[in-house]
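Below is one structure, written out as structure tokens; comments come after it.
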Amino acid sequence: MADLAATAGVALRPHVKSHKTALVARLQLEHGAVGLACAKLAEAEAVVDALAGGPDGDGGGNARDGRVGILLTSPLAGRPSAELAAAVRRTGGRLGVLCDVDVGLGRTGVVDPAGARAVARRITAAGPVLSFGGVQGYAGHLQHTAGRAARRDGARDAALRLTAVVDALEADGHEVRLRTGGGTGTSGLDVELGLLNELQPGSYVFMDREYRDALGDDPEGRFHQSLTVATTVVSANQTGFATVDAGLKAMATDTGPPVVVGAAEGVEYLFFGDEHGLVTDCPAGPRHRGDRLELVPPHCDPTVDRYDAIWLVRGDEVVGRADVVARGRSQ
Ligand SMILES: Cc1ncc(COP(=O)(O)O)c(C=O)c1O
């Protein structure tokens, strides 16, 4: 992803929400990321603290003298917003603010150029404590669309919406320095369309079953599957299947079942309760208690958020551990 961004001359600001670790964040910064994107204030606090904290079992430390630029990609309301405002006043700092644009997802953001104009006016009117930095248009509704042509059509439509906003803001005299957005599924297309000057993908560091299904052999699907959930057969009391110790609590299940790594075609994993899963036998024969399997999780981000640590493995050897320092930091 760093190569894609560098070759295209766009900035890369990887999204921390996928890995929630200082270790991966540090690697991303060392490989040229301009900063990090975070979904929530608490997530940003945990990762920045760990980056600044030096060796903490996670390899800590930060390539940039403890300073890292954070883009908070979700709007704030209520207490977090008040706390952030108070912190900026206390430190005498200046907060760069973007106008979030709804480019089709419908989740957040202004829905038309008039809304963007009003937001930019309010930011400018707030005085020196805020500065208008540009726009964000995250096309989350397109990331898992199967088929590159369909994703391209959607990305083009999203780019048109964002362009209309940028044009209106520039006509009002605002400098739209930053145009940020994009995810793993549209990364190559965003670069081809050329509107965004900063990409904020997250899942590419791990990939997952949902992305694998959607992206297949497309250029956006070239990232290796690096994240698996290790599980153990705890019962083989029936014929035809075995019971493993990874169930609903072991992974996010919003996008269906996981895939058994290296299994013969037709081998299936089925949910078997909160703590257990069912894995059908392979043609080679039944599994036995104690057998270890690996599962490709259906959806990486919320699966990682269920674990304190990610074990780093090379071949059959555990070579390290990345603490999921922002685990549960969802506020
Ligand atoms: C605002 C925003 N930006 C970027 C991303 C990263 O997208 P992906 O993990 O699909 O690369 C997300 C993911 O949900 C997001 O919500």
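Can you tell me how segment 1-147 classifies by the Cα gyration tensor, rounded, prolate or oblate, using a/c under 1.5 as the rounded cut?
Details: a/c = 1.86, a/b = 1.19, b/c = 1.56.
It comes out oblate by the Cα gyration axes.
So if I take the alpha carbon set of segment 260-306, get Rg, then get Rh from the Kirkwood formula, what is the Rg over Rh ratio?
0.98
Averaging the sequence gap over all C-alpha pairs within less than 8 Å and six or more residues apart, then dividing by the number of residues, gives the chain a relative contact order of 18 percent.
Rounded to two decimal places and with Rh computed the Kirkwood way over Cα pairs, what is Rg over Rh for segment 243-329?
Values: Rg = 14.0 Å, Rh = 14.2 Å.
Result: Rg/Rh = 0.98.
Please label the shape of segment 125-257 as rounded, prolate or oblate, based on the square roots a ≥ b ≥ c of the eigenvalues of the alpha-carbon gyration tensor (a/c under 1.5 means rounded; beyond that, a/b larger than b/c means prolate, else oblate). Because a/c hits 1.5 or more and a/b exceeds b/c, segment 125-257 counts as prolate. Springs join every pair of Cα atoms under 10 Å in this Gaussian network model of the chain, and among ALA236, ALA42, ALA250 the largest mean-square fluctuation is at ALA236.
Computed from point charges on the beta carbon alone (+1 for Lys and Arg, -1 for Asp and Glu), the dipole magnitude for the chain about its Cα centre is near 1020 Debye.
Given only helices, namely DSSP H runs of n ≥ 4 each adding -39500 (n - 2.57), what is the per-residue ellipticity at 222 nm of the chain, to the nearest 500 deg cm²/dmol? Intermediate values should be presented prior to the final figure.
Working: 9 runs with 97 residues, N = 331.
Per the formula, -9000 deg cm²/dmol.
Taking the Cα atoms only, what angle lies between the long axis of helix 79-91 and the longest principal axis of the chain, rounded to 10 degrees? The helix 79-91 is inclined about 60 degrees to the chain.
Each of LEU142, ALA25, LEU84 was scored by the projection of its Cα onto the charge dipole of the chain, and the greatest displacement toward the positive side belongs to LEU84; charges sit on the C-beta of Lys, Arg, Asp and Glu. Show me, bin by bin at 10 Å from 0, the whole-percent P(r) of segment 177-326 based on Cα pairs. Computed distribution, short to long bins: 10, 34, 33, 15, 6, 2, 0. Taking Cα atoms only, the orientation of helix 41-52 departs from the longest principal axis of the chain by about 80 degrees. Over 24 Å, how big is the tail of the calculated P(r) for the chain, in percent of all Cα pairs? Counting every Cα pair in the chain, those more than 24 Å apart make up 59 percent. Checking the a/c ratio against 1.5 first, then a/b against b/c, what shape does the Cα gyration tensor give for segment 204-247? Taking the square roots of the gyration eigenvalues as a ≥ b ≥ c, segment 204-247 is prolate. Here the simple spin-label model places points 7 Å from the Cα toward Cβ, and for ARG121 and HIS31 these points are separated by 4.4 nm. Go through segment 187-198 residue by residue and turn each phi into a ³J(HN,Hα) via Karplus (6.51, -1.76, 1.60, θ = phi - 60°); whole Hz please, and just put x for glycine and proline. Using θ = phi - 60°, the values come out as 3, x, 5, 4, 5, 4, 6, x, 7, 6, 10, 8 Hz. Near VAL324, the amide H atoms lying under 5 Å from its own belong to ALA309, ILE310; only residues 5 or more places off or on other chains count, and H is placed 1.01 Å from N. Full extension of the chain segment joining LEU76 with ALA114 gains 11.6 nm, where the gain is 0.36 nm per residue of separation less the Cα-Cα distance. Across segment 139-155, rounded Karplus estimates of 3J(HN,Hα) from the backbone phi angles (6.51 cos²θ - 1.76 cosθ + 1.60, θ = phi - 60°) give 8, x, 6, 9, 4, 10, 5, 6, x, 5, 5, 5, 5, 5, 4, x, 5 Hz, Gly and Pro being marked x.
Just order 252-259, 187-194 by mean Cβ neighbour count inside 10 Å, highest at the front, would you? Please report the intermediate quantities before stating the final value.
On the way: 252-259: 17.8, 187-194: 20.1.
Listed from highest to lowest mean packing, they are 187-194, 252-259.
A short reminder: the numbers here are calculations on the coordinates, not readings from a lab. Just so we're clear, the structure is a prediction, and the values are computed from it rather than from any experiment. Neighbour counts run over all protein chains shown; Cβ positions are idealised from the backbone, glycine included.
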